Amino acid sequence: GSVLAVFKGRTSVPITTGLSPDNRVAETQQFTLTVNGFNFNSASVVYFNGAPRATEYNYPTQLRATILPQDIALAGFFPVTVVNPGEFGGTSNAQTFRVDNPMPSPEEFSPEFVLKGSPDFELTVTGTKFVSGSKIVWDGVEKETTYISGGELRATISASDVVNARFVDISVSNPPPGGGLYETLDDPLTFEVRNPVPTVTSIDPPGTSILDGVEGPDHSFGVPVTIFGTNFEPGA
């Protein structure tokens, strides 16, 4: 009878088989994590990334633990284990919980435009859900980006990117796990590389008479005038 009494009070090393949920997006509120397995008891404690968390015993095969916001503030892969106290207890095998980066949400940028042929300049993008490792995407190409905060990024745009006047799509990409490239067809962020404003310095001839008119191909009459200045572009 004494031998049976010893085994009756004996704990066993727990075994984990799965988590529910097994992933979450960073920067969310606390939540309840269900740990499935075997050999759980009322004294079992769930550890998230090495830290004990408030644990509720449901069955010998299921525990529920409260995971705090700071546990999932940053993206990554984190071990979840169960510890049974006592001489014959121990630490279970680990299950992996994945915390995903959010999808970025850029909203504005500055400057809003530059003239073609401008030198290197700093582009600032503001919005929400930026993370360390976020990249400003210029015309489909990720730029070397400085993370300022969850709402601000900066990148240097080189002179070679603004050689020609055009419209350039601006976006932001967050790294994995999770993350991704912000895309919207409804309201895209468009940067403008503008042509310069033309300047007129003189015209030739400075004046004329109707008698100086010449007949054009459509039999209308006009006076040829040459305009001199700066910043003239094809299509002016």
Odd one out for PHE109, checked against (1) of a type in the set (A, V, I, L, M, F, W, C); (2) touching a strand residue (DSSP E or B) at 6+ places or on another chain (Cβ under 7 Å); (3) loosely packed, with under 13 Cβ neighbours inside 10 Å: (3)
For PRO176: the one exception among (1) touching a strand residue (DSSP E or B) at 6+ places or on another chain (Cβ under 6 Å); (2) touching a residue at least 24 places away in the same chain (Cβ under 8 Å); (3) open to solvent by 50 Å² or more (accessible area, probe 1.4 Å): (1)
Pick from the stretch 189-203, criterion surrounded by 12 or more Cβ atoms within 10 Å (Cβ to Cβ) and part of a loop (DSSP other than H, G, I, E, B), ranking: farthest from the chain's Cα centre (by Cα): PRO198
Members of the stretch 157-168 that are touching a strand residue (DSSP E or B) at 6+ places or on another chain (Cβ under 6 Å) and open to solvent by 50 Å² or more (accessible area, probe 1.4 Å): ARG166, PHE167
Contacts under 8 angstrom Cβ, first residue in the stretch 48-75 being on the phi > 0 side of the Ramachandran plot, partner open to solvent by 50 Å² or more (accessible area, probe 1.4 Å), 6 or more apart: ASN49/PRO79; GLY50/PRO79
The stretch 138-156: number of residues that are open to solvent by less than 10 Å² (accessible area, probe 1.4 Å) and β-branched (Val, Ile, Thr): 0
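The values are calculated or read from the model by the stated rules, or taken from the named source; none is laboratory data. Owing to the predicted nature of the structure, the values given are computational and were not obtained by experimental measurement. Positions of Cβ are backbone-derived with ideal geometry, glycine not excepted, and every protein chain shown enters the neighbour counts. Remember, those area values only see protein heavy atoms, side chains included, never the ligands or the DNA or RNA. Shrake-Rupley method; radii C 1.70, N 1.55, O 1.52, S 1.80 Å.
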